[in-house]
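Visitor: Quick one: the structure is below, questions incoming.
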Amino acid sequence: MVPQICRRNRFLTVAVCFFVAWLLVQLITTQRCLDQTRLSMVTSNWREHCLQNVVSNLASSGVRSDCIAAVEKLSVGESKPVIYAITPTYARPVQEAELTRLSHTFRLVPRFHWIVVEDSISKTELVSNFLARCGVPYTHLYAATPAELKLGPKDPSWLLPKGVLQRNEGLQWLRANVDKLDPRGVVYFADDDNTYDLRLFEEMRKTVKVSVWPVGLVGGLLVEGPIVRDGRVAGWNAVWKPKRRYPLDMAGFAVSLRLLLDFPEAQFRLRLPRGEQESYLLGQLLAGPHELEPRAENCTQTLVWHTRTQDPKLDQERRLRKAQKARRLKPGAAKPSSQK
Ligand code: UGA
Ligand code: MN
């Protein structure tokens, strides 16, 4: 009896020893593994941080945007889908100010390609010079809205659709250049006067077909946007023309490049009732609102605002020019400094 108990005890001791040794080995390997992960996280974060610094230094020193894009590729790798933002823009006193503000946001967005489409019969010097120094990778295009469909200076802003042919030009460029683009790319229609939170761009990168989110200060509301139930769009917080199939603003959705290639004819149209551009495009791409992908915390966050810039009062400009002309005509008068 006694030797049997002794043997069992010896067996138990050996088993416990083995178990403790196994536990120790596991602990040591896990610790090593954790240390290595931490180290590689630190080095990759550090590498990313350094390269991001290089990118922003290059941007502020006016280096060509394709060089910046190449360095940026090193810093963020190929992991993120590229965002292709199409921005229609037109000549007016605030144009350069709007584009400057916009570029300062876009400079902070990695893996971003800006497609700027001028509403003009050719590329203007102002926009060409601006883009060359803006520090954002870009493509510069133009498409003129026919004179009879262009808003006059006294017309109310809602009278005619804006940016239609310019966005179509952007879409056409994407489809024609697809071999040079990121097949996982996401396309966004970014008007030149809106205000964009940087987090919006990370949200839209998740797009499979069409992402949606709320837009602030539009449709007569503080926030207009989808109502989400069980992760799906179940309705809309929209009061202006709520019967539209997709009652949202141009700033409220993004489309995957893949989907735009699957429907190569899909585009906007000049002659449509007011506020129907978005529904017209999405109607060509989706079977219904059930296919929409709610972003921005199930559409509870506002990450873009439909801000509009007031027209500046420039009524003294005419007087100033008149005075300058009179001074120039006066014999012996000093010329204005720009003409020296
Ligand atoms: C609203 C929507 O937010 C726009 O997406 C929509 O295009 C527009 O209505 C419309 O009525 O079609 P809203 O602020 O009234 O926007 O329009 P703007 O910001 O004045 O114009 C939209 C874009 O088109 C801007 O990027 C603007 O620079 C450009 N645009 C405007 C032109 O290219 N040409 C023009 O003659 C006017
Ligand atoms: Mn606008």
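Visitor: Apply 1/(1 + (r/R0)^6) to the Cβ-Cβ distance of Leu270 and Glu297, taking R0 = 30 Å, and write down the FRET efficiency to the nearest 0.05.
Guide: Using R0 = 30 Å, I get an efficiency of 0.25.
Visitor: To the nearest 10 square angstrom, what accessible area does Asp249 show with a 1.4 Å probe?
Guide: The accessible area of Asp249 comes to roughly 20 Å².
Visitor: Farthest toward the dipole's positive end in segment 96-152, which of His113, Ala144, Phe130, given Cβ charges of +1 (Lys, Arg) and -1 (Asp, Glu) about the Cα centre?
Guide: The listed residue farthest towards the positive side: His113.
Visitor: How do Thr105, Thr309 stack up against each other in accessible area, from largest to smallest, with a 1.4 angstrom probe? Write down the numbers at each step before the final one.
Guide: Working: Thr105 30, Thr309 60 Å².
I get Thr309, Thr105, largest accessible area first.
Visitor: Charges only on Cβ, +1 for Lys and Arg, -1 for Asp and Glu: so what's the dipole of segment 176-271 about the Cα centre, in debye to the nearest 20?
Guide: Working: 15 positive and 13 negative charges, 102 e Å.
Dipole about the Cα centre, nearest 20: 500 debye.
Visitor: At 7 Å along the Cα-to-beta-carbon direction for both Glu96 and Thr307, put a label point, then send me their distance in nm to one decimal.
Guide: 2.0
Visitor: For Val208, tell me the accessible area in Å² from a 1.4 Å probe, rounded to the nearest 10.
Guide: Estimated to the nearest 10 Å², Val208 gives 110 Å².
Visitor: Oh, and also: Against the empirical 2.2 N^0.38 Å scaling, what ratio does the C-alpha Rg of segment 105-160 come to?
Guide: 1.41
Visitor: Would you mind checking which residues have amide H under 5 Å from Gly163's amide H? H placed 1.01 Å from N; only 5 or more apart, or other chain.
Guide: none
The values are calculated or read from the model by the stated rules, or taken from the named source; none is laboratory data. Bear in mind that the values here come from a model prediction, so they are computed numbers and not experimental data. So basically every Cβ, Gly included, is an ideal-geometry build from the backbone, and we count neighbours across all protein chains shown. Accessible surface is based on the protein model in full, side chains and every heavy atom, while ligands, DNA and RNA are left aside. Shrake-Rupley method; radii C 1.70, N 1.55, O 1.52, S 1.80 Å.
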